[in-house]
Amino acid sequence: MARKLPRKDVVIVGLGWTGSILAHELTDAGLDVVAIERGPWRDTATDFNVAYAPDELRYAVRKDLFLQPAQEAMTMRNSTAQTALPMRDYGSFLPGTGVGGAGTHWNGHTWRFFPSDFALKTHLTGRYGEERLSGLQIQDWGVSYDELESAFDRFEYLCGISGKAGNLNGTIQQGGNPFEGPRKREYPLPPMQMTYAPTLFAEAARSRGLHPFPTPSANLSGAYVNPLGIAMGQCTACGFCERFGCANYSKASAHTTILPVLMRKSNFEARTECEVLKIKLAADGKTASGVTYTDVNGATFEQPADLVLLNAYSLFNVRLMLLSGIGKPYDPSSGEGVVGRNYCYQTNASAQVFFEGRSMNPFIAAGALGQTVDDYNGDSFDHGALNFVGGAGINCIPTNGRPIQYRPVPPGTPRWGSAWKKATKQYYNNTLAFSSQGSSYATRGNYLDLDPTYKDRFGRPLLRVTFDFPDNDIRMSNWVSDRMKEIADAFGGKQVVVGRQQKGWSSVPYQSTHNTGGAIMGTDPKTSAVNRHLQSWDVPNVFVVGACAFPQNAGKNPTGPVGALAYWAADSIRNHYLKNPGKLVEA
């Protein structure tokens with residue numbers, strides 16, 4: 001039987017980016033807040049120390065910072081015609097675990113989605129007609145870019161993002177992204193100093209009439225003190241960002257931007273290595289009374305609270321809603337239900353150019369140090385004569401030249417032996433790579449639910465992922481691959497290799513940890529799990545914050561919008577819910 005603990009004002013599930021932001025905002029409002037985190041406590045000095053942080057075998061190969069299937073596995077299939085099987089190792093995507101979550105090991109690309117992304121169904125229907133969206137389940141977000149602008153700004157200044165504005169108050173700025181939505185002020189820091197490969201990419205893109213610009217980066221271009229008074233250092237371009245914590249205090253994460261202040265507060269407590277099992281509901285099923293969780297010793301507790309905030313990784317937020325009976329589960333056969341609806345991913349492809357005698361120095365790198373082209377992203381270009389909607393950003397961001405996994409060789413090279421060794425020596429320094437990061441649009445058949453067969457160590461059903469790349473997204477990605485081929489040819493290299501996306505998503509090779517949807521926001525409780533304030537339609541004292549709220553995914557990394565949604569939800573709770581607890585939007 002669970003031991004009942006003293007009541008708290010707020011219980012937060014998960015202490016990553018969104019959990020830390022919500023905890024900071026609500027403790028500032030005077031609330032007594034506890035965060036329950038499944039993984040261990042981590043901080044820079046002891047867990048990402050410079051003496052051992054760049055350990056590729058430990059962190060990149062053995063995945064020391066990531067969730068292991070023994071803790072929580074999932075099952076996957078491509079369609080309802082298949083039987084889902086458990087993932088024995090996380091490969092296609094890598095959920096984080098521990099304080100800081102996936103925001104610890106990210107690369108640092110920090111985007112704002114386009115204004116049209118937030119009203120996508122309305123925008124595309126108005127421009128191309130309803131028939132163009134046939135086979136897709138695209139929805140508007142219920143909140144506009146203009147409403148989120150100040151939240152984007154707060155997140156960027158919390159992090160010290162390095163970049164160049166492309167649109168200041170409606171005026172296009174030289175050197176920035178001309179397709180972005182208007183922002184009210186510049187980035188807090190100037191762009192990163194470019195290395196050789198992104199510089200070549202920008203020249204090649206301009207020769208094609210495109211508009212390259214510095215990728216907005218959470219790897220800092222200079223020393224910075226954020227609005228909370230926390231100091232960060234300039235990035236040293238060591239190349240150990242994705243899959244690693246930053247030893248240099250120069251990649252924005254919850255550890256480097258907010259936790260040093262949050263942890264000093266007397267009205268905040270973090271309980272680590274404690275896994276929430278379920279959200280407890282009152283007898284009427286319309287109010288959450290708190291959560292039950294188990295600690296590392298197997299003891300079970302009940303934590304009563306007035307507010308329950310789900311701030312775990314997007315997939316785990318959805319699973320906890322399903323396990324707790326919050327919201328109607330989505331049924332793809334009828335199209336009814338909301339929890340699990342509109343699961344989306346990312347549709348990527350790559351290009352490589354092999355040179356002779358062009359030293360790229362790939363080991364001088366950072367996770368978001370590079371150049372991007374958005375001419376083919378979102379609805380930046382006319383789709384009128386095309387057979388798809390959506391698009392992709394094209395990014396030249398050489399993130400690392402790490403010795404174990406960075407081994408670019410041309411197709412046809414033997415996979416072992418002296419010929420392979422010779423090729424790796426020849427091309428390690430003479431290869432330029434760039435990639436497309438494409439949108440992923442919702443369909444009726446891609447969704448999340450609870451697996452009927454497989455269970456975790458507590459006897460709870462695993463999350464089941466049913467996903468394949470939609471035909472629309474395949475057509476989009478391959479069209480963008482053709483555009484990448486045109487850019488790659490402009491380099492004048494010895495050989496060009498451009499990848500093309502195919503049907504049949506596999507959970508094995510790494511592709512992206514950009515899983516979105518499943519608890520989407522919107523204006524209609526029949527097609528969304530949470531309202532425009534990220535409040536559950538069915539249980540008003542539950543808020544669900546993260547990429548699970550995206551109705552579909554854009555051709556950009558999701559962390560910027562996730563951070564903005566955290567501030568948006570915090571403002572909704574502070575300025576509206578606390579003054580009048582209950583539904584913020586009537587259905």
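The values are calculated or read from the model by the stated rules, or taken from the named source; none is laboratory data. These numbers come from a predicted model, not from an experiment. Reconstructed Cβ throughout: ideal geometry from the backbone, glycine too, with neighbour counts over all protein chains shown. Areas reflect the complete protein model, heavy atoms only, side chains present, ligands, DNA and RNA absent. Shrake-Rupley method; radii C 1.70, N 1.55, O 1.52, S 1.80 Å.
Among the residues in the stretch 157-166, are any under 22 Å from the mean Cα position of the chain (by Cα), modelled with pLDDT of 95 or more and within 30 Å of Arg341 (Cα to Cα)?
Checking the stretch 157-166: not a single residue is under 22 Å from the mean Cα position of the chain (by Cα), modelled with pLDDT of 95 or more and within 30 Å of Arg341 (Cα to Cα).
If you take the residues of the stretch 396-439 that are surrounded by 15 or more Cβ atoms within 10 Å (Cβ to Cβ), of a type in the set (A, V, I, L, M, F, W, C) and out of contact with any Cys (no Cβ under 6 Å at 6 or more places or on another chain), which of them is farthest from Lys494 (Cα to Cα)?
Looking at residues that are surrounded by 15 or more Cβ atoms within 10 Å (Cβ to Cβ), of a type in the set (A, V, I, L, M, F, W, C) and out of contact with any Cys (no Cβ under 6 Å at 6 or more places or on another chain), I get Ile397.
Among the listed residues Thr75, Thr80, identify the single one that is over 20 Å from the mean Cα position of the chain (by Cα), crowded, with 21+ Cβ neighbours inside 10 Å and of a type outside the set (A, V, I, L, M).
On the way: Thr80 fails: crowded, with 21+ Cβ neighbours inside 10 Å.
Sole residue among the options that is over 20 Å from the mean Cα position of the chain (by Cα), crowded, with 21+ Cβ neighbours inside 10 Å and of a type outside the set (A, V, I, L, M): Thr75.
Over 30 Å from Met521 (Cβ atoms), modelled with pLDDT of 95 or more and assigned to a strand (DSSP E or B), is that true of Leu432?
Working: over 30 Å from Met521 (Cβ atoms): yes; modelled with pLDDT of 95 or more: yes; assigned to a strand (DSSP E or B): yes.
Yes: the conditions hold for Leu432.
Need a quick list: strands (runs of 3 or more DSSP E) entirely within the stretch 471-558 having at least 3 residues that are at negative phi and open to solvent by less than 20 Å² (accessible area, probe 1.4 Å).
542-544
Just give me the residues in the stretch 562-587 being open to solvent by less than 30 Å² (accessible area, probe 1.4 Å) and under 14 Å from Asn311 (Cα atoms), in sequence order.
Within the stretch 562-587, Val562, Gly563, Ala564, Leu565, Ala566, Tyr567, Ala569, Ala570 meet the criteria.
What pairs come out if I take residues in the stretch 125-144 that are over 11 Å from Val389 (Cα atoms) and pair them with residues that are modelled with pLDDT under 95 and among the aromatic types (Phe, Trp, Tyr) whose C-beta lies under 8 Å away, six or more apart or interchain?
Partner pairs satisfying both residue conditions: none exist.
Regarding Asp482, is this residue farther than 21 Å from Thr199 by Cα, among the acidic types (Asp, Glu) and touching a residue at least 24 places away in the same chain (Cβ under 8 Å)?
no
Any idea which of Gln511, Gln495, Gln501 is more than 22 Å from Phe93 (Cβ to Cβ), of a type outside the set (A, V, I, L, M) and at pLDDT 95 or above?
Working: Gln511 fails: more than 22 Å from Phe93 (Cβ to Cβ); Gln501 fails: more than 22 Å from Phe93 (Cβ to Cβ).
Result of the check over Gln511, Gln495, Gln501: Gln495.
Yes/no per residue for (1) farther than 26 Å from Leu220 by Cα; (2) open to solvent by less than 10 Å² (accessible area, probe 1.4 Å); (3) assigned to a loop (DSSP other than H, G, I, E, B); (4) aliphatic (A, V, I, L, M):
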position	(1), (2), (3), (4)
Val11	yes, yes, no, yes
Ile21	no, yes, no, yes
Leu26	yes, yes, no, yes
Gly30	yes, no, yes, no
Thr46	no, no, no, no
Pro54	no, no, yes, no
Lys63	no, no, yes, no
Gln71	yes, no, yes, no
Val99	no, yes, yes, yes
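Restricting attention to the stretch 404-429, report how many residues are of a type outside the set (Val, Ile, Thr) and outside any helix (DSSP H, G or I).
12
So is Leu450 farther than 30 Å from Ala204 by Cα, open to solvent by 20 Å² or more (accessible area, probe 1.4 Å) and either in contact with a helix residue (DSSP H, G or I) (Cβ under 9 Å, 6 or more places away or on another chain) or assigned to a strand (DSSP E or B) (or both) or not?
Yes; evaluated as a whole, the condition is true for this residue.
Might you check whether a residue that is over 21 Å from Arg341 (Cβ atoms), modelled with pLDDT under 95 and among the hydrophobic types (A, V, I, L, M, F, W, C) occurs anywhere in the stretch 112-120?
Initially, the stretch 112-120 is screened for residues over 21 Å from Arg341 (Cβ atoms), giving 112, 114-116.
Remaining after also requiring modelled with pLDDT under 95: none.
Taking every residue of the stretch 112-120 in turn, none turns out to be over 21 Å from Arg341 (Cβ atoms), modelled with pLDDT under 95 and among the hydrophobic types (A, V, I, L, M, F, W, C).
Output the residue which, of all residues in the stretch 262-279 that are touching a residue at least 40 places away in the same chain (Cβ under 8 Å) and charged (D, E, K, R), is farthest from Leu310 (Cα to Cα).
Applying the first criterion (touching a residue at least 40 places away in the same chain (Cβ under 8 Å)) to the stretch 262-279 yields 262, 265, 267-279.
In the following step, the residues that additionally are charged (D, E, K, R) were identified as 265, 269, 271, 273, 275, 278.
Details: Lys265: 21, Glu269: 16, Arg271: 15, Glu273: 17, Glu275: 13, Lys278: 11 Å.
Within the stretch 262-279, the match that is farthest from Leu310 (Cα to Cα) is Lys265.
Against the condition at pLDDT below 95, part of a loop (DSSP other than H, G, I, E, B) and out of contact with any helix residue (DSSP H, G or I) (no Cβ under 9 Å at 6 or more places or on another chain), how does Arg358 come out, does it pass?
Criteria not met by Arg358.
Since Arg38 meets every condition but one in (1) open to solvent by 10 Å² or more (accessible area, probe 1.4 Å); (2) modelled with pLDDT under 95; (3) not polar (S, T, N, Q), which condition does it not meet?
Single failed check for Arg38: (2).
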